[in-house]
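Scroll down for the structure; my scribbles are underneath it.
The values are calculated or read from the model by the stated rules, or taken from the named source; none is laboratory data. Keep in mind it's a predicted model, so treat the numbers as computed, not measured. Backbone-built Cβ (ideal geometry, glycine too); neighbour counts: all protein chains shown. For the accessible areas, the whole protein counts, side chains as well, though only heavy atoms, and no ligand, DNA or RNA atoms are used. Shrake-Rupley method; radii C 1.70, N 1.55, O 1.52, S 1.80 Å.
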Amino acid sequence: MKTYKYTAININKEEFSGTFIAKDEQDLAQQLAKQDLFLVSCSPYSGGTPSAFFTLGTGKVGVDELNNFCRQFSIMINTGIPMLDCLECLKDQKFSSYFHSLIVIIYEDVKAGKMLSEAIKKHKKVFPEFFTSMIYVGESSGKLDLVLKALADYYEKDSYLRRKRKSAMSYPLLLLGMTVGIVILMLLFVIPRFRDALEQLDIELNSYTKAVYAVSDFLLANWLYILAIIVAVALILIIIGFTKKGSFLYDKIALHIPFMGKVTINQLSARFARSFGILLKSGVDMSDAMDIVSVVLVNKDVRARFDKAADEVRHGMPLSAAIEKYNVFPRVMVQMLRIGERSASIDDILLRSCDFFETQVEQSLMSAINKIQPIMLAIMAVVVIMLFLAVYSPMISIMTGLV
């Protein structure tokens, strides 16, 4: 038996499409005829994940699309619309062509009798593991609408914090790019022209100017080799990042980068608070919730310490004590968890504290940027002044001599 994707019409020329299991195309036509449908076209249907070519090879669904999908799905489920009708409506919404094709496949699988979580799990390389697990939790607990709403809130906040971080970092990166550009422009183009002019005047140069000219000569003579070395080093660092030990090392370093390390820790704390609170509120056992929530802790160093804390919890240690023992999150998180344990309401405490931790992310981010910007401006000013002094100090000497 094979699965076919078909298009058929009825006696009133209304078009229908879907999937059907049949021996061959002739058998499919006969089965549809029993339902007063006439087969127009059909093709074998695998239900596999569509090509990721148009997603630049990532094969991932964007956070914003997941947020819109969950929000609309939650509203429709909450109003009592059957799941299949919800999916049929969603596949007609304005999503990207890639995500649209995924929804169509999920719709056909659910129509064929599969659970929604089972249909989504087929595309585990596309959807985040946390998303897939939460859909399963929602179906199992009968709270799919609440879980979808919670997921929409989670992805909306996470997307907002990501955009905030990128926006805040754009200006310091712009300053860094301008500084590097000015240095390259001065050393490769401006300084050589001034040097040629000064050599014709037979002026004795000071040691500082000679050193800058030597650097300029070195760059002009070896720029191709330098560029090759930079590219090679960048490739090596990227390759190391793809290894297990290398990516772990990079994530560990990210937690200790001046100014930005605190931002990373606060962002992970905010993710944990919202996602763990959602899981516990949905009725998931704490041990299972810790296994599921581990995937949202994208920093491998933090995840490794969290997994050790999870093992301690399974052996009877309170969650707050385990988190404190392995220094997974800031002390304020430990205090929140301790309060939740005493009142037997960890889920409520975490969900109420989400806004606090997300505010902490914004505050630490702005604090970091307010410190980085003056430093970058100072570095830029010093570099520019040093280069201009190397260029103009001989001219100043000439003018002084004339006076």
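With the Cα gyration tensor of the stretch 79-150 giving a ≥ b ≥ c as the square roots of its eigenvalues, does the rule (a/c under 1.5 for rounded; else a/b larger than b/c for prolate; else oblate) give rounded, prolate or oblate? Rounded, since a/c falls under 1.5. The radius of gyration of the Cα set in the chain, together with its Dmax, comes out at 30.4, 108 angstrom. Summarising the label geometry, the points placed 7 Å from Cα in the beta-carbon direction at Ala378 and Tyr225 lie 3.6 nm from one another. When the surface is traced with a 1.4 Å probe over the full set of protein chains, Ile375 keeps roughly 80 Å² accessible. Mean-square fluctuations from a GNM of the chain, with a 10 angstrom spring cutoff on Cα atoms, peak among Leu66, Leu39, Leu84 at Leu39. Computed over protein heavy atoms with a 1.4 Å probe, the accessible surface of the chain works out to 57 Å² per residue.
Under the rule a/c < 1.5 gives rounded, and otherwise a/b versus b/c splits prolate from oblate, where does the stretch 118-173 land using the Cα gyration tensor? Oblate, because a/c is 1.5 or more while a/b does not exceed b/c.
Restriction of the GluC sites (Glu not before Pro) in the stretch 1-33 to DSSP coil positions whose beta-carbon has at most 13 other beta-carbons within 10 angstrom yields Glu14. In the chain, the calculated helix contribution to ellipticity at 222 nm averages -24000 deg cm²/dmol per residue, counting -39,500 (n - 2.57) for every DSSP H run with n ≥ 4. Ligands, DNA and RNA excluded, the heavy atoms of His256 present near 130 Å² of accessible surface to a 1.4 Å solvent probe. Normalised by the number of residues in the chain, the mean separation of alpha-carbon contacts (under 8 Å, six or more apart) gives a relative contact order of 14 percent. Dividing the mean sequence gap of close Cα pairs (under 8 Å, 6+ apart) by how many residues the stretch 263-403 holds gives a relative contact order of 29 percent.
Atom-type composition of the exposed protein surface of the chain places 62 percent of the accessible area on carbon and sulfur (1.4 angstrom probe). The distance linking the stretch 94-132 with the stretch 141-195 is 31 Å (Cα centroid to Cα centroid, whole angstrom). Placing R0 at 22 angstrom, the Cβ-Cβ distance between Ile240 and Arg162 gives a FRET efficiency of 0.35 after rounding to 0.05. Pairs of Cα atoms nearer than 8 Å and 6+ residues apart set the relative contact order; for the stretch 63-151 it is 33 percent.
Computed with a 1.4 Å probe on the full set of protein chains, the accessible area for Met83 sits at about 50 Å². The distance separating the Cα centre of the stretch 1-44 from that of the stretch 210-250 comes to 61 Å. Just how far, in whole angstrom, is the stretch 328-348 from the stretch 254-276 if you go by their alpha carbon centroids? Cα centroid to Cα centroid, the span is 17 Å. To the nearest ten degrees, helix 331-343 and the longest principal axis of the Cα atoms of the chain are 30 degrees apart.
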